[in-house]
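To start, the structure itself, in structure tokens.
The values are calculated or read from the model by the stated rules, or taken from the named source; none is laboratory data. Please read all numbers here as calculations on a predicted model, not as lab measurements. Here the Cβ positions follow ideal geometry from the backbone for every residue, glycine too, while neighbour counts run over all protein chains shown. Only protein heavy atoms, including side chains, enter the accessible area calculation; ligands, DNA and RNA are left aside. Shrake-Rupley method; radii C 1.70, N 1.55, O 1.52, S 1.80 Å.
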Amino acid sequence: MVSFLEFEKPVAELEARIIELRQTASVGDIDISGEINTLEQRADKMLSDIYAKLTPWQKTQVARHPERPHFKDYVAGMFDNFMPLAGDRAFADDQAIIGGFATLGERKVMVIGHEKGDDTASRVRHNFGMAKPEGYRKAIRLMELADRFGLPVVTLVDTSGAFPGVQAEERGQAEAIARSTEACLALGVPMVAAVVGEGGSGGAVALAAANRVLMFEHAVYSVISPEGCASILWRTADKASDAATAMQVTAQHLKGLGVIDRIVVEPVGGAHREPVQAISNLGAAIGEELDALSGLEPQALRTDRADKFLAIGI
């Protein structure tokens with residue numbers, strides 16, 4: 001059963017009533033299918049209306065939904081023949097960033113992305129998708145490997161930000177993020193990035209300096225979390241809603257500003273309600289973007305990337 005967010009409470013109440021009626025119908029002789037059908041239509045309409053006018057803060061909550069698809073789900077549903085590659089060949093294998101060879105349709109690619117985990121044990125193992133320097137250095141190694149073999153690079157971004165711990169800073173967190181961003185920009189092969197949940201700070205940009213940047217309809221992408229911004233500006237995280245609005249973190253805002261190139265539609269109620277459909281939508285969009293980039297020469301791809309990011313804000 002789907003976990004409901006605070007603003008979905010009216011839908012939750014209707015769906016609870018529907019479940020109750022179904023249980024009654026299963027043990028009784030009274031036909032109440034008409035009433036159940038009416039309530040289902042009301043719930044669908046209410047959900048559609050709510051999601052048609054989400055605030056930036058509500059979209060942030062949807063982007064963070066624990067049941068939203070994660071990297072392993074996209075790999076299973078979108079790619080074939082995934083062969084994971086581990087380690088940065090210098091320090092360790094960071095499980096917050098996973099990558100390897102895969103096939104998207106008929107095209108061989110290198111896929112890299114953040115993995116948050118979906119239960120307590122896996123979230124701890126993947127450090128909630130917050131990568132350390134060795135994670136970004138692994139991403140650099142895989143991007144350079146893809147470049148060497150002429151394979152397009154696909155990245156799936158879903159992180160609240162890079163890991164802020166002392167050990168990560170001691171091992172060169174900022175330098176690793178900068179070099180990962182540089183590696184993206186230097187690629188001589190097509191690169192498509194998709195923000196599938198949270199795109200937080202440099203931890204996201206390090207995997208998203210691509211020729212084409214896609215975002216799910218209810219994903220968010222920002223230089224800092226709304227709570228972090230509120231803590232700096234108002235000295236309280238309680239103003240996170242105001243911060244999300246001021247920062248324009250939504251796909252719709254960022255498309256208008258030229259920060260991203262394409263919005264990928266989610267099923268009504270968010271990707272966590274119909275993950276198979278959401279993954280299919282994203283796979284089709286990435287395939288189309290790779291098709292459009294496939295005829296460009298290496299230097300043209302680098303120039304395209306540079307022009308795209310230099311134009312932001314002008």
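Once Rh is set to the Kirkwood radius over Cα pairs, what Stokes-Einstein translational diffusion coefficient, in µm²/s, holds for segment 44-91 at a temperature of 10 °C and a viscosity of 1.306 mPa s?
Rounded to a whole number, D works out at 112 µm²/s.
Could you check the spin-label model distance between Thr245 and Ala92? Points 7 Å from the Cα along Cα→Cβ, value in nm.
Calculated label separation equals 4.2 nm.
For the pair Val276/Asp118, report the inter-label distance in nm, with labels modelled 7 Å from Cα in the Cβ direction.
Taking the two extended label points, one gets 1.4 nm.
Compute the length gained on full extension between Glu288 and Ala76: take 0.36 nm times their separation in residues and subtract their Cα-Cα distance, giving the result in nm to one decimal.
Separation in residues times 0.36 nm, less the Cα-Cα distance, equals 74.4 nm.
Tell me, in nm to one decimal, what length is gained between Asp304 and Glu144 on full extension, where the rule is 0.36 nm per residue of separation less the Cα-Cα distance?
Between Asp304 and Glu144, full extension yields an extra 55.7 nm.
Tell me the net charge near Arg305. Cut-off is 14 Å between Cβ atoms, Arg305 excluded, with +1 for each Lys or Arg and -1 for each Asp or Glu.
Summing Lys and Arg as +1 and Asp and Glu as -1 gives -4.
Okay, helix-only estimate at 222 nm for the chain: each DSSP H run of n ≥ 4 adds -39500 (n - 2.57), divide by all residues, round to 500 deg cm²/dmol; what do you get?
Taken over the chain, the calculation gives -15000 deg cm²/dmol.
Using a 1.4 angstrom probe and counting only protein chains, how large is the accessible area of Ser3 in Å², to 10?
50
Return a single number: how many Lys pairs in segment 1-101, at a sequence separation of 8 or more or on separate chains, have alpha-carbon atoms below 17 angstrom apart.
Taking the Cα cut-off of 17 Å, the pair count is 4.
How large is the dipole of segment 68-190 about the Cα centre if only Lys and Arg carry +1 and Asp and Glu carry -1, each at its Cβ, rounded to the nearest 20 debye?
100
For Phe216, Phe4, what's the largest-to-smallest order of accessible area, 1.4 Å probe?
Correct descending sequence by accessible area is Phe4, Phe216.
Place +1 on the Cβ of every Lys and Arg and -1 on the Cβ of every Asp and Glu in segment 186-314, take the dipole about the Cα centre, and give the residue among Ala284, Gly256, Ala306 whose Cα lies farthest towards its positive end.
Toward the positive end, the furthest listed residue is Ala306.
Report, for segment 174-290, the % of DSSP beta bridges that are antiparallel, rounded to 5.
Given both bridge residues lie in segment 174-290, the antiparallel proportion sits at roughly 10 percent.
What shape does segment 181-314 take by its C-alpha gyration tensor, where a ≥ b ≥ c are the square roots of the eigenvalues and a/c under 1.5 counts as rounded, a/b above b/c as prolate, and the rest as oblate?
It is oblate, given that a/c is not under 1.5 and a/b is not larger than b/c.
For Cα pairs less than 8 Å apart in space and 6+ apart in sequence, what is the mean separation divided by the residue count of the chain, i.e. the relative contact order in percent?
Value for the chain: 16 percent.
Between Val213, Val157, Val223, where does the largest GNM mean-square fluctuation fall for the chain, given springs only between Cα atoms within less than 10 Å?
Its mean-square fluctuation being the largest, the pick is Val223.
Report the antiparallel proportion of the DSSP beta bridges in the chain as a percent, rounded to a multiple of 5.
Antiparallel bridges make up about 40 percent of those DSSP assigns within the chain.
Connecting C-alpha atoms closer than 10 Å in a GNM of the chain, tell me which of Arg64, Arg212, Arg107 has the biggest fluctuation.
Highest fluctuation among the options: Arg107.
Please report, to two decimal places, log10 I(q)/I(0) for the chain at q = 0.10 Å⁻¹ as given by the Debye formula with identical point scatterers on the Cα atoms and no solvent.
-0.58
Can you pull the percent of Cα pairs in segment 124-253 with separation above 18 Å?
That fraction is 56 percent.
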